[in-house]
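What follows is one structure encoded as structure tokens, with my remarks underneath.
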Amino acid sequence: ILFFAFISLSFAQELNCKISIIKEASLEVNSTELEIFKELELVLTDLMNNTQWTKDQFKTEERINCNIQLQISKIPAAGTYTGAIQIQASRPVFNSNYNTLLLNYRDEDLAFSYSRNTLITYTPNQFRDNLSSIMAYYAYFILGMDYDSFSSKGGTKYFNECQQIVSNAQNSGAPGWKSSEQGKRNRFWLVDNILQAAFEPLRDCNYAYHRNGMDQMYDDKVKGKKSLYDALSKLNPVVLTRPNSPNVVNYLLCKRDELKKILSDSELKEKTDFVTLLKRLDPSNSSKYQEILE
């Protein structure tokens, strides 16, 4: 027993995911629904943390920290729920106790059914139900972002898994999976974009930002900040061809507050250079980047 306990602790699964389910303030639910939400939190936590998503072995301390919040806005019928899902994931920075955000994304196309005492599992290459597909999709997307941050385009096979999940869900009738749906912020476009050649600079930025920038801060902060600027500059060609892309806007959203802290002790010129670059990359949020100069 001790031997197997040691193995379990030494080689944990890949994710350390915290699941929370909340309802919108305007939504009235009874005590039974609240109990279902609590049960579902446990079921989804088990799915995310105890499914082996890759063939790699992770030690407990190497698991990827992530938070997923299901925000329920409507209950169209008993056991049927719609709303939004917020996904956050981070990774540690070398030689520090600091974690940097990799993903902070809000998906407005949450729709699923759930009955009490139902086990939710994911079966590769098969659409079983919408909720397990959504959760598996984001498990692999988190893995893709994490692996990309440690090695150049290291997350490709996990983004391909996301794309396969999208393909399997095409005939489900559930929202968020089709290219033809209104807007380009759904799950189809999120992964389709990142696998397109036009978005390779974003993936190059993700790697360079973390390995050449954040992970070098402890040894040489001046050099690290320059590497952060150089990494973000890689986004220029993406912005020229795909302005206001959700992928780029989301990535910069993750880094805005972080950059404000990192640049707090910088000279005005360095701050100004960063702000000018960030405004060019994400003009719709210019006022937020301006705060770096304050």
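The values are calculated or read from the model by the stated rules, or taken from the named source; none is laboratory data. Note that the structure is a prediction, hence the values are computed from the model and not measured. Cβ placement follows ideal geometry from the backbone for every residue including glycine, while neighbour counts extend to all protein chains displayed. Each accessible area value is taken on the protein alone, full model and side chains, heavy atoms only, with ligands, DNA and RNA left out. Shrake-Rupley method; radii C 1.70, N 1.55, O 1.52, S 1.80 Å.
So here's what we get for this one:
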quantity: Hits in region 160-209 - residues which are in contact with a strand residue (DSSP E or B) (Cβ under 9 Å, 6 or more places away or on another chain) and not small (Gly, Ala, Ser); calculated: PRO175, TRP177, GLU181, ARG185, ASN186, ARG187, LEU190, ASN206, TYR209
quantity: Matching residues, region 200-221, being open to solvent by 50 Å² or more (accessible area, probe 1.4 Å), in a helix (DSSP H, G or I) and either touching a Leu at 6+ places or on another chain (Cβ under 6 Å) or of a type in the set (Ser, Thr, Tyr) (or both); calculated: TYR207
quantity: Evaluation of GLN170 against (1) in contact (Cβ under 8 Å) with a residue 12 or more places away in the chain; (2) assigned to a loop (DSSP other than H, G, I, E, B) (one fails), failing number; calculated: (1)
quantity: Tally, over region 216-253, of residues that are modelled with pLDDT of 95 or more, of a type in the set (A, V, I, L, M, F, W, C), within 21 Å of ASN99 (Cβ to Cβ) and out of contact with any Cys (no Cβ under 8 Å at 6 or more places or on another chain); calculated: 3
quantity: Hits in region 66-99 - residues which are over 22 Å from LYS38 (Cβ atoms), in a strand (DSSP E or B) and open to solvent by 60 Å² or more (accessible area, probe 1.4 Å); calculated: PRO92, ASN99
quantity: The one condition in (1) of a type outside the set (Phe, Trp, Tyr); (2) open to solvent by 50 Å² or more (accessible area, probe 1.4 Å); (3) touching a residue at least 40 places away in the same chain (Cβ under 8 Å) that ASP107 fails to fulfil; calculated: (2)
quantity: Lone qualifier among THR60, THR32 - being open to solvent by 30 Å² or more (accessible area, probe 1.4 Å), at pLDDT below 95 and touching a Leu at 6+ places or on another chain (Cβ under 9 Å); calculated: THR60
